[in-house]
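Below is one structure; the comments refer to it alone.
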Amino acid sequence: MTAADAGSAKPSEVSSSSTPMITMTNVNKHFGALHVLQDIDIEVPSGQVVIVVGPSGSGKSTLCRTINRLEPIDSGEIRVDGKTLPAEGKALAALRADVGMVFQSFNLFAHKTILENVMLGPLKVRKQKKETVRENALRLLERVGIANQADKYPAQLSGGQQQRVAIARALAMSPKVMLFDEPTSALDPEMVQEVLDVMTSLAKEGMTMVVVTHEMGFARKAGDRVLFMADGRIVEDTDPTTFFTAPSSDRAKDFLGKILSH
Ligand SMILES: Nc1ncnc2c1ncn2[C@@H]1O[C@H](COP(=O)(O)OP(=O)(O)OP(=O)(O)O)[C@@H](O)[C@H]1O
Ligand SMILES: [Mg+2]
């Protein structure tokens, strides 16, 4: 944060190294009669890798989507790097750019090349020079191991390659936080590891990450913390080893029994 930003911010909004990267305070959300997020209270320090697990329908995707305002909340507050998420307008666009998101489906633009897909966001939102954006995009494609596919179209790439492009595209916005919602669950098994490897190196480099995944190897290797959700609530909040070896709630034991048995 610059001095100018700090000067205009309310004291409680001034960012510092001790400011959590993500804060959700008493967040509640309904879909009609369904209370999909119930009193969510979490603080994610900068650089932490949070794994979110839980049964289908427990609210994991909704939790992620509220963090960058793809879904509005009914009450409570969400802050990213100390700043409250604005409801709309330019401020929202800027803050949303701080939060990169990678979905199960890769959501690449089919009629644009890989390179164009990665360049699109920075050109539109960050308003950077085309040459700078291009160099940065190529560097990111190099980093995810597909620089040699830059001029191809998404359909010409494997699922694992497309998902790595989606990660590069999110990184192109220089986000402060990366959200991953089951990034490997649509992939053929042999392509899962190449995507997890990119995510692991991102975690090692200190990116703050929220990752919905049932990939336990990744969770234990790259995760700092596990949130177990059930019925819209965070039921357990612990370190990966404790969660996977000694969960405390019956819900988590039942859930782990199911995912470990198939
Ligand atoms: N746009 C929506 N309108 C109405 N209900 C919704 C909407 N999106 C999600 N829901 C409901 O909210 C609940 C939580 O959904 P969510 O997608 O967050 O669960 P999840 O934990 O990600 O599940 P999964 O493991 O299947 O991806 C589900 O009961 C779902 O049907
Ligand atoms: Mg989901």
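With r defined as the distance between the Cβ atoms of Gln156 and Leu34 and R0 fixed at 45 Å, what FRET efficiency is calculated, to the nearest 0.05?
For Gln156 and Leu34, the calculated efficiency is 0.65.
Please list 3J(HN,Hα) in residue order for the stretch 30-46, calculated via the Karplus relation 6.51 cos²θ - 1.76 cosθ + 1.60 where θ = phi - 60°; whole Hz, with x for glycine and proline.
10, 10, x, 7, 7, 8, 7, 10, 10, 6, 7, 10, 9, 10, 10, x, 4
Please list 3J(HN,Hα) in residue order for the stretch 108-123, calculated via the Karplus relation 6.51 cos²θ - 1.76 cosθ + 1.60 where θ = phi - 60°; whole Hz, with x for glycine and proline.
7, 6, 5, 8, 10, 6, 4, 4, 4, 4, 6, 7, 4, x, x, 5
So how do 210-221, 158-169, 67-78, 174-185 stack up, highest first, on mean other-Cβ count within 10 Å?
Working: 210-221: 19.7, 158-169: 23.7, 67-78: 16.1, 174-185: 21.2.
Top of the packing list down: 158-169, 174-185, 210-221, 67-78.
Which links in Lys90/Lys112; Lys83/Lys112; Lys60/Lys253 stretch past 22 Å when you go from one Cα to the other? Write down the numbers at each step before the final one.
Working: Lys90/Lys112 26 Å; Lys83/Lys112 34 Å; Lys60/Lys253 18 Å.
From the list (Lys90/Lys112; Lys83/Lys112; Lys60/Lys253), the Cα-Cα distance tops 22 Å for Lys90/Lys112; Lys83/Lys112.
Pull up all non-local amide H partners of Val102: gap of 5 or more, or a different chain, and H-to-H distance under 5 Å with H placed in the peptide plane.
Correct list: Leu179, Phe180, Asp181.
Compute the relative contact order of the stretch 214-262 as a whole-number percentage, counting only Cα pairs closer than 8 Å that sit 6 or more residues apart in sequence. It would help to have the intermediate numbers written out before the result.
Working: 40 pairs, mean separation 13.3, N = 49.
Once normalised by length, the contact order is 27 percent.
Size of the dipole of the chain about the Cα centre, Lys and Arg at +1 and Asp and Glu at -1 on the beta carbon, nothing else charged, in debye to 20?
My answer is approximately 820 debye.
Is the chain best put as rounded, prolate or oblate by its Cα gyration tensor, with a ≥ b ≥ c the root eigenvalues, rounded for a/c under 1.5, and otherwise prolate when a/b is larger than b/c, oblate when not? Please list the in-between numbers first.
Working: a/c = 1.77, a/b = 1.14, b/c = 1.56.
Cα axes put the chain in the oblate bin.
Treat each spin label as a single point 7 Å out from the Cα along the C-beta direction, and report the Asn26 to Asp254 distance in nm.
Label-label distance for Asn26 and Asp254, simple model: 3.0 nm.
With runs of 4+ DSSP H residues as the only contributors, calculate the mean residue ellipticity of the chain at 222 nm using -39,500 (n - 2.57) per run, divided by the residue total and rounded to the nearest 500. Write out the running numbers ahead of the final one.
Values: 10 runs with 98 residues, N = 262.
So the helix-based figure for the chain works out to -11000 deg cm²/dmol.
For the stretch 186-212 and the stretch 214-254, what is the separation of their C-alpha centers, rounded to whole Å?
That distance is 18 Å.
Please give the FRET efficiency for His214 paired with Thr84, using the beta carbon to beta carbon distance and R0 = 35 Å, rounded to the nearest 0.05.
Working: r = 32 Å, r/R0 = 0.91.
Efficiency computed from Cβ-Cβ geometry: 0.65.
Once you place label points 7 Å from the Cα toward the Cβ at Asn148 and Glu131, how far apart are they in nm?
Distance between label points: 2.9 nm.
We did not get these values from a lab; they are worked out from the coordinates using the rules stated. Fair warning: this is a prediction, and the values are worked out from it, not measured in the lab. All Cβ positions, glycine included, derive from the backbone under ideal geometry; neighbour counts span all protein chains shown.
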